[in-house]
Structures are given as structure tokens and as C-alpha cells.
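Below: one structure, written as C-alpha cells.
The values are calculated or read from the model by the stated rules, or taken from the named source; none is laboratory data. The structure displayed is predicted, hence computed values, not measured ones. Neighbour counts run over all protein chains shown; Cβ positions are idealised from the backbone, glycine included.
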Amino acid sequence: MTNKPKEWVFSDPRLIEMRQDYAAYQEEDFKVWKILFERQFANLPKTASKAYLDGIKEINFTADRIADFEDVNKRLAKSTGWAIQVVPGLIDDDLFFGLMNNKRFCSSTWLRKMEQLDYLEEPDMFHDAFAHMPMLTNQHYVDFLENLSGIALKYIDNKWAIELLSRIYWFTIEFGLIREDGEIKIYGAGILSSAGETKYSLSDEPSHYEYNVRRIMNTPYWKDKFQDKYFIIEGYEQLYESLAEIEGVLEEMVSEAAQK
């Protein structure tokens with residue numbers, strides 16, 4: 001992987017003809033988007049990070065209009081230079097990290113059905129758009145994503161290394177908390193798209209820890225229930241500034257595993 005040019009993903013056959021067909025959305029899709037948007041956004045003015053709240057205004061998401069990736073890309077181009085890349089759903093690690101290393105965030109275009117409002121096995125476009133895309137307007141956040149993905153590509157054939165880096169991604173990008181003006185707020189997309197976990201993550205039920213690279217890499221995560229641990233950053237600069245430590249701890253843990 002490290003011998004490939006940085007832009008290899010743009011010719012990858014797995015992405016051919018992948019685009020959002022906005023005209024294909026049906027009345028039910030718009031109803032689902034509206035219900036999910038209004039239900040979740042009501043929780044966020046007091047719980048979400050300022051970067052998220054600023055971002056959702058910047059990319060102009062509303063309850064009455066499903067996210068239009070063409071418009072989102074125009075807005076992101078003016079802010080951080082990132083763009084949305086349509087993918088069929090969950091994709092291989094090399095393509096996932098390769099796209100982000102090229103400032104492309106992956107998103108599906110399908111929306112859940114009415115009977116799936118509260119649970120999905122695989123993230124849909126509402127999660128990808130509503131929860132992730134507003135944060136792509138924050139420069140320190142996207143710089144962290146781009147460079148974390150660069151580290152992953154160096155280790156793409158090492159399953160243990162990718163697992164360790166996935167824990168960093170999981171406890172920051174998906175389930176991260178941030179301290180703002182002395183209060184804990186949410187920036188992780190997995191929480192932002194879940195009304196239940198929004199309330200739970202800020203309660204006294206789970207454990208809260210300061211952001212610690214080594215501890216996160218030694219902490220497995222759950223995909224099928226609320227986390228019992230959350231990590232709090234002091235600012236998005238802290239994520240970017242931790243990249244050297246992430247690479248150092250990763251190299252150490254991979255080396256230790258190889259010697260066993």
C-alpha cells in the first residue's frame with residue numbers, strides 16, 4: 001500500500017458510477033429524514049459541540065430537505081477542501097482509509113425505512129450525513145482524519161494495527177466527547193445520530209476518561225450496545241497533535257504482538 005500513489009483510490013473500480021441520485025428519493029425517504037432530523041436535532045443545542053452546531057449551519061442541513069451531496073461538496077470546498085464520496089455501504093479498510101487520506105469522506109445514499117427508525121445493523125445516509133458531515137467543516141478535525149488514515153495505510157496489511165487504529169477512530173470520530181467552557185459536549189457521530197446515546201453518554205452511568213492514546217488503544221469497543229467508556233478531548237487541536245504519539249504507540253504495540 002505504501003508504494004501506491006496517494007491518489008490511487010480515484011481509479012479504484014469499487015467506486016465506478018457511484019453517485020447520489022437525488023431524484024430517486026421517494027416521499028417516505030423525505031418523511032424518514034424529517035422525523036430523524038427533528039427528533040435528534042432537538043437534543044443537540046445543549047449537548048453538541050460548537051463545531052458541530054456551526055457546521056450544520058455551514059452546510060445548510062434542514063429537516064425538510066435530504067442532504068444533497070452536490071451542494072455539500074460545494075460548501076466543503078470553500079471551508080476545508082474535503083468532499084463526499086458515495087460508496088455502496090461498508091467498504092474495505094484500504095478504500096476507507098485511502099479515501100480519507102485524499103480528503104474524501106465516505107457516505108452511502110440509502111435511507112432507512114419507517115420500521116427501522118430506531119435500529120440499523122449498518123449505518124445509513126442519515127448517520128453519514130447528519131452526524132458526520134457538519135464536523136468536516138472543522139480544519140483540525142479533518143486534518144486529524146486525513147493523517148490518521150495515512151498512518152493506517154502504512155499498516156493496512158496488519159490486522160492488529162488496523163484494529164488498534166480503529167479504536168482511536170471509534171472513541172474519537174464515532175463516540176468522542178469534548179470539554180467546552182467547562183461542560184462536556186458531543187462531537188462523535190455515533191452519539192450525535194442517537195437520541196438514546198446522546199442522553200446516556202453525558203450521564204453518570206458510563207465512565208468518562210481524559211483523552212489518552214495508549215488507554216484507547218487498549219480499550220475494545222462495542223458495536224451492538226452503548227459504550228461503557230467515553231474519552232474527552234480538550235479541543236480538536238489535541239487530536240491533531242496526538243498523531244505522533246498514536247504512531248509511536250502503534251509501532252510499539254505491533255512490535256510487542258509480533259514477538260509473542
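Observations on the structure shown:
- The one condition in (1) surrounded by fewer than 16 Cβ atoms within 10 Å (Cβ to Cβ); (2) at positive phi that LYS103 fails to fulfil: (1)
- Flag for LEU53 being more than 19 Å from ILE156 (Cα to Cα) and at pLDDT below 95: no
- Segment 199-219, subset small (Gly, Ala, Ser) and under 21 Å from ASP118 (Cα atoms), residue surrounded by the most Cβ atoms within 10 Å (Cβ to Cβ): SER201
- Here GLU122 meets each of (1) assigned to a helix (DSSP H, G or I); (2) closer than 22 Å to LYS31 by Cα; (3) out of contact with any strand residue (DSSP E or B) (no Cβ under 6 Å at 6 or more places or on another chain) with one exception, condition (1).
Residue by residue, here is whether (1) at pLDDT 95 or above; (2) surrounded by fewer than 18 Cβ atoms within 10 Å (Cβ to Cβ); (3) part of a loop (DSSP other than H, G, I, E, B) holds:
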{"site": "ALA152", "(1), (2), (3)": "yes, no, no"}
{"site": "LEU165", "(1), (2), (3)": "yes, no, no"}
{"site": "TRP170", "(1), (2), (3)": "yes, no, no"}
{"site": "ILE173", "(1), (2), (3)": "yes, no, no"}
{"site": "ILE178", "(1), (2), (3)": "yes, no, no"}
{"site": "ILE184", "(1), (2), (3)": "yes, yes, no"}
{"site": "GLU197", "(1), (2), (3)": "no, no, no"}
{"site": "TYR221", "(1), (2), (3)": "no, yes, yes"}
{"site": "GLN227", "(1), (2), (3)": "no, no, yes"}
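- With respect to (1) surrounded by 15 or more Cβ atoms within 10 Å (Cβ to Cβ); (2) farther than 24 Å from ASP54 by Cβ; (3) out of contact with any helix residue (DSSP H, G or I) (no Cβ under 6 Å at 6 or more places or on another chain), the lone exception for GLU251 is condition (1).
- The single residue among PHE96, PHE105 that is in contact with a His (Cβ under 9 Å, 6 or more places away or on another chain), under 18 Å from GLU174 (Cα atoms) and of a type outside the set (Lys, Arg) turns out to be PHE105.
- Output for segment 58-67, where each listed residue is over 16 Å from MET135 (Cα atoms) and buried (at least 17 other Cβ atoms within 10 Å of the Cβ): ILE66
- Residue pairs whose Cβ atoms lie under 8 Å apart, separated by 6 or more positions or on different chains, with the first residue in segment 198-213 and more than 10 Å from LEU177 (Cα to Cα) and the second among the charged types (D, E, K, R) and in a helix (DSSP H, G or I), are VAL213/GLU245.
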